[in-house]
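Data block below; observations after.
The values are calculated or read from the model by the stated rules, or taken from the named source; none is laboratory data. These numbers were taken from a predicted model, which means no experiment stands behind them. Don't worry about glycine lacking a Cβ; one is built from the backbone with ideal geometry, like all the others, and counts go over all protein chains shown.
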Amino acid sequence: MFIRSLLLMSALFTCAFGQEATTPVVIVRNYSFPPVGLANTETAQVNVVNTATASPAAGAAAPACSGTITFTNASGATVDTVNFTTTGSNIFSTDLSFGKLASSGNRAEFIANVELNTTPGSMVPCSAAFSLETFDTSGVTGTHVYLSSSAAAAQGPILPLIGH
């Protein structure tokens, strides 16, 4: 009887205190802009804005959006990687100069990729919009190329709607 009680107490102790803490799952969504050409007198810029707003009903503040912006050259080599975090309606921008493409000519192609990290189950999920533009580095002329998208168009898992 004593051994039986000891085994039962051991099992209860293991169940109550042996549980491991779980790490929240992070879903990574990627968006790759189509290839864009950049002349030696131009700069490219990627802009990210968090369009999510606070939810007064949930008592939550607007979430932060975080991720990585990567630029690759025509050969597929990564030429620049920048981490970002933006909250509220703050805009994060990063530039790619022609010199980073290491091209021997006067023009080179590149691809910009935005990787957005989100944690499911948040009362107010991150919602990002992003754009890519090229402009004359000397500032003489305006924007040459402008492309935009939102995280809804990003590649990633489709999550079921709960409660609908």
Considering residues of the range 101-112 that are within 18 Å of residue 68 (Cα to Cα) and either surrounded by fewer than 17 Cβ atoms within 10 Å (Cβ to Cβ) or of a type in the set (A, V, I, L, M) (or both) only, the residue nearest to the chain's Cα centre (by Cα): 112
Qualifying residue in the range 55-68 (condition: modelled with pLDDT of 95 or more, out of contact with any Pro (no Cβ under 8 Å at 6 or more places or on another chain), polar (S, T, N, Q) and closer than 17 Å to residue 137 by Cα): no
Any hit, the range 107-114, residues being at pLDDT 95 or above, among the aliphatic types (A, V, I, L, M) and over 22 Å from residue 28 (Cα atoms): yes
